[in-house]
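Asker: I'd like to ask you about the structure that follows.
Every read-out reported here was derived from the displayed coordinates using simple, explicitly stated rules and does not represent laboratory data. Here the structure is a predicted model, which means the values were calculated and not measured. With ideal geometry, Cβ positions are generated from the backbone for all residues, glycine too; neighbour counts draw on all protein chains shown.
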């Protein structure tokens, strides 16, 4: 497998510093792939996937902790409707500026997939491809059901420590930012339809047919509404985290799509 080297960066934003991991394979080719994590995620929770992705694509892979997550600074307030779309002009834009990135490919998991749609739409002149995994295109009953169940699980003694391991004293904020935002009545009719209509680059939508946070209605909506060419892959027997549950399948699909 191609040898890769990892660097660390601290990205300045008006609200605090963001942590980023920059994986560079030897003899890197093409444009960087930028990873956007899920609602409870961070760089560390991608585990070895960035290195595996860099090795098989021979492209630079950059993952960063959004404000409030992982090793990045704390978020100054609560998340509000519009936070998914806003990331493209906030942390993501700051990363592009500081690392002097021009063209890119964006890869987002879960809510990070929704943010990736925003990045592809708003930075359309520079986005060469969009890859989304287990992403939500709208607020679905199954998504809310999964969030309520997870909230109950985290209420059990010791469960919040699972998040503390990755987010430190920001763990409670991370959980509430996910649960309270999605369950808020003001978020009930949220969707990505308008942004999808602005996505001109090729789109790959990966989704597990056993995803506990979203039905196949999401990848169907992504591929139906995106303005550019799109491919949908429904992964049999897979849940909400395909890059962990079916790593080799995801890597092969990405290779095929980018090839």
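Asker: Compute the length gained on full extension between residue 244 and residue 128: take 0.36 nm times their separation in residues and subtract their Cα-Cα distance, giving the result in nm to one decimal. Can you show the working numbers first?
Answerer: Values: separation 116, 0.36 × 116 = 41.76 nm, distance 2.48 nm.
Separation in residues times 0.36 nm, less the Cα-Cα distance, equals 39.3 nm.
Asker: Could you tell me, in Å, what Rg and Dmax come out for the Cα atoms of the chain?
Answerer: When restricted to Cα atoms, the chain yields Rg and Dmax of 17.0, 50 Å.
Asker: Going by how many other beta carbons lie within 10 Å of each one, how would you line up 131, 101, 62, fewest first?
Answerer: Arranged by neighbour count, lowest to highest, 131, 101, 62 become 101, 62, 131.
Asker: Further question on the same structure: Can you tell me what share of the DSSP beta bridges in the range 4-258 is antiparallel? A percent to the nearest 5 is fine.
Answerer: 40
Asker: Quick check on the range 188-259: take the gyration tensor over C-alpha atoms, sort the square-rooted eigenvalues as a ≥ b ≥ c, and tell me if it's rounded (a/c under 1.5), prolate or oblate.
Answerer: Judged from the Cα gyration tensor, the range 188-259 comes out oblate (a/c at least 1.5, b/c at or above a/b).
Asker: For 230, 215, 134, what ranking results if the residue with the fewest other Cβ atoms within 10 Å of its Cβ goes first? The partial results should precede the final answer.
Answerer: Working: 230 19, 215 14, 134 28.
In order of increasing Cβ crowding within 10 Å: 215, 230, 134.
Asker: Further, regarding this structure: Let me check against my output: what whole-number percent is the relative contact order of the range 59-199, with C-alpha pairs under 8 Å and at least 6 apart?
Answerer: On the way: 161 pairs, mean separation 37.8, N = 141.
Answer for the range 59-199 is 27 percent.
Asker: Follow-up. In deg cm²/dmol, rounded to 500, what helix-only [θ] at 222 nm does the chain give when every DSSP H run of at least 4 residues adds -39500 (n - 2.57) and the total is split over its residues? Could the numbers behind the result be given before it?
Answerer: Details: 11 runs with 96 residues, N = 259.
Mean residue ellipticity, 222 nm, calculated: -10500 deg cm²/dmol.
Asker: What FRET efficiency comes out for the pair residue 26/residue 231, r = Cβ-Cβ distance, R0 = 41 Å, nearest 0.05?
Answerer: Values: r = 29 Å, r/R0 = 0.72.
With a Förster radius of 41 Å, E is 0.90.
Asker: Arranged by the count of other C-beta atoms within 10 angstrom, fewest first, what order do 49, 107, 69 take?
Answerer: Ranked by crowding around the Cβ, least crowded first: 49, 107, 69.
Asker: Quickly work out the residue 215-to-residue 164 label distance, labels modelled 7 Å from Cα along the C-beta direction, and quote it in nm with one decimal.
Answerer: In this crude label model, residue 164 to residue 215 measures out at 3.9 nm.
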